[in-house]
Structure formats: C-alpha cells, structure tokens
Amino acid sequence: MDVWIRAAAGLVGSAAIAGAAYRLRSLSGSGAWSAAIMGTGYVALGGPFWFGALLAFFLSSTLWSKWKRRHARKEAAEANYAKTGRRDAMQVWANGGLGLLLCAGHFLWPAQGWTYAFAGVMAAVNADTWATEIGALSRRAPRSVLTGRRVAAG
C-alpha cells in the first residue's frame, strides 16, 4: 500500500481515537493533536504492528489511569505528581516519540533491529506508566530497584 494512502488512513483513524480520548478526558487538546499526528506517522511509516503496539500501550495505560482514580492512596500519590489527569502533548511525545523515530528508521532502512529496539522502548514506557498507576495503590511504600530503599509511591 502506498505510504500516502496509509497516511490518510492513519490520520482518519488516529484523529478518531484521539478525539474519543479527548471526549473521555484522557487527553488534553494538545495531547489529542499530538496523538493524531503521532498515530498517523506510526501507520504511514510502520503499519499495523507499530501502530498496534502504540495503541495497546495507550489503551492499557489509560485504563490503569482510570482504575480506582478516586481511591485515597491514589489521590494522595497523585497530589505529588507534576502532572495528573489528562495527558498533554509533552507526555504523548515523551511516551511515543522515540518509538516513532525507530519506526521511521525502520521505514528508511528496514532491519529487524529497529523492531527489537521498538519493543524495548514500548516495554519501558509501559512499565513506567503502569508502575506509576498501580504503585500508587500499594499499601506499603515501594522500594528503589537501585538502592532497595523505600521511595514515595508513584
């Protein structure tokens, strides 16, 4: 399929998903625009595997963010976060930007290594987001994997 046709399809699909996420208060306005642009790039340059991995990250992370969002421990942890609630452009690009660069690298110079690096990046952003969302509900303070000392939840 031609890259321009994939880009058009990616724009329509990504805009629809970003619009729904905006209406559900998962993305801010800047986050929705960024997600639509980023999703278009993933579809145009990568295709279903690349876009599917991004979408799986976004949907699962959004569900974890919404899960028990009114819980006292989660609210207490979120009070210390720099950003809460709707994800903005900075958060969208922080979580998906490197993956998009890897996707573009694979598009320009196809090689399996790009795919492995992308899988690692997506695993890392997933782990970070899930740990923040789920860890905020822990009954005990989590421990640092580097020092073993207790750290603040989230």
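The numbers here are math on the coordinates, done by the rules we state, and not lab data. Please read all numbers here as calculations on a predicted model, not as lab measurements. We place every Cβ from the backbone using ideal geometry, glycine too, and count neighbours over all the protein chains shown.
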Treating only the Cβ atoms of Lys and Arg (+1) and Asp and Glu (-1) as charged, compute the dipole magnitude of the chain about its Cα centre; round to the nearest 20 debye. 940 debye
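Taking Cα pairs under 8 Å and at least six residues apart, what relative contact order does the chain come out at, in percent?
Details: 164 pairs, mean separation 37.2, N = 154.
Computed value for the chain: 24 percent relative contact order.
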